[in-house]
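The values are calculated or read from the model by the stated rules, or taken from the named source; none is laboratory data. Nothing here was measured: the structure is a model prediction, and the numbers come from that model. Quick reminder, even Gly has a Cβ in these numbers, built from the backbone with ideal geometry, and neighbours come from all protein chains shown. When the accessible area is computed, the model is the full protein with side chains, heavy atoms only, and any ligands, DNA or RNA have been set aside. Shrake-Rupley method; radii C 1.70, N 1.55, O 1.52, S 1.80 Å.
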Amino acid sequence: DPPSGESMIYVAMSHDFADSGTSYAASSGTESAVSISTDRCQSWDQIGLIDTRLLKIKDFALSPNYASDETILILTRQVQDSLWKTTDGGNSWIRIYKASMDPPSTLDYVEISANNNIYLAGTYTSAARDKPAIWKSDDNGKYFVKIPGSTNFDYKDIKVDRWAISEDEDIFTASFDG
């Protein structure tokens, strides 16, 4: 994904870009921010001056290794859902993900596994209707991949209402359909 913001994106490469792959971007407009990429501009994290408004905290997750890594994730709702991360116990935050997946998505839950993989549960739009899904990132939130068949049983879509992830990364979900 490109840096967030709707217009005028300025990019600067670090002096050691050839070795580090680090670059910075500044954008303007809705959802603008100062962003950093450490993978040769393949993905971007918003690190400051983020032009967003938090309407709701939807979910949060503490790392199973919080005592040593001080990692917390918070899933928020504003214009789009965003995932925020701290690795210093909440003193500073970066936005590691904005729900602009293709197709568009709404996120409801976040969890961190014992192996530090990040899981998201929510819905995505397919054929003009919302379909439940679970996504996984094994690279600290740089990229998320939808887990195929994770919420579809006997041709019925099952929305995730509660969930748990075991140390072996087995996913247990609960749902209520009325």
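Computed quantities for the displayed model
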| read-out | value |
| --- | --- |
| Boolean, Ser23 is over 17 Å from the mean Cα position of the chain (by Cα) and either open to solvent by less than 20 Å² (accessible area, probe 1.4 Å) or more than 20 Å from Leu83 (Cα to Cα) (or both) | yes |
| Tally, over the range 1-59, of residues that are touching a residue at least 60 places away in the same chain (Cβ under 8 Å) and farther than 21 Å from Asp139 by Cα | 2 |
| Any hit, the range 62-71, residues being surrounded by 15 or more Cβ atoms within 10 Å (Cβ to Cβ) and in a strand (DSSP E or B) | no |
| Test for Trp93: is it buried (at least 16 other Cβ atoms within 10 Å of the Cβ) and over 15 Å from Ile118 (Cα atoms) | yes |
| The range 146-164 residues that are in a loop (DSSP other than H, G, I, E, B), paired with ones that are modelled with pLDDT under 70 (beta carbon under 6 Å, 6 or more apart) | Ile158/Thr151 |
| Some residue of the range 31-47 being open to solvent by 30 Å² or more (accessible area, probe 1.4 Å), hydrophobic (A, V, I, L, M, F, W, C) and assigned to a loop (DSSP other than H, G, I, E, B) | yes |
| Members of the range 62-88 found to be closer than 19 Å to Ser137 by Cβ and out of contact with any Ser or Thr (no Cβ under 9 Å at 6 or more places or on another chain), listed by number | Tyr66 |
| In the range 72-88, residue farthest from the chain's Cα centre (by Cα) [restricted to those that are more than 25 Å from Tyr124 (Cα to Cα) and not in a strand (DSSP E or B)] | Asp88 |
| Residues located in the range 77-91, provided they are modelled with pLDDT of 90 or more and out of contact with any Gly (no Cβ under 9 Å at 6 or more places or on another chain) | Trp84, Thr86, Thr87, Asp88 |
| The range 113-129, subset open to solvent by 10 Å² or more (accessible area, probe 1.4 Å) and of a type in the set (Val, Ile, Thr), residue modelled with the highest pLDDT | Thr123 |
